[in-house]
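Remarks on the structure that follows.
Since every read-out is calculated from the coordinates, none of them should be taken as a lab result. Worth saying up front: this structure is predicted, and the values here are computed from it rather than measured. Glycine also receives a Cβ, built like all others from the backbone with ideal geometry; neighbour counts cover every protein chain displayed.
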Amino acid sequence: MEIIFTDRFLTRVEECTDYIALDHIPTAIEWAEGVFDQCQKLSDQPESGRIVPEFRRPEIRELIHGSYRLVYELKTNQIDMLTIWHTRQMLPDDPYKVSNPTI
């Protein structure tokens, strides 16, 4: 199954990596590489992420990577990586109405 990285998802990877790099650049690089490794695993096991409990919609799922939630939408022929939230962030009411949260 094809993995599509939305602009929002890629922006959040960059924002989170920059934030982590403030403390330790090698950790930030390792974290970012891990994000994409996790996403690639979805191509073989698209339902391996859990349903996002706040949305209760079977097509909106997430993987946990460290302290971050990698949110994706499972479609018929592809997976759209939607965004990344820190586990301490409040989620919006609708997964498609994502503001630019602080880390």
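Contact list please: Cβ distance under 6 Å, first residue in segment 48-71 and farther than 16 Å from Glu33 by Cβ, second residue hydroxyl-bearing (Ser, Thr, Tyr) and assigned to a strand (DSSP E or B), pairs at least six apart or on different chains.
Short answer, once both residue conditions are applied: Arg61/Tyr72; Val71/Thr83.
Hey, can you tell me all the residues within segment 37-77 that are surrounded by fewer than 15 Cβ atoms within 10 Å (Cβ to Cβ) and not in a loop (DSSP other than H, G, I, E, B)?
Asp37, Gln40, Lys41, Arg50, Ile64
Suppose we filter Ile3, Ile60 for residues that are of a type in the set (Val, Ile, Thr) and out of contact with any Cys (no Cβ under 9 Å at 6 or more places or on another chain); which single one remains?
Ile60
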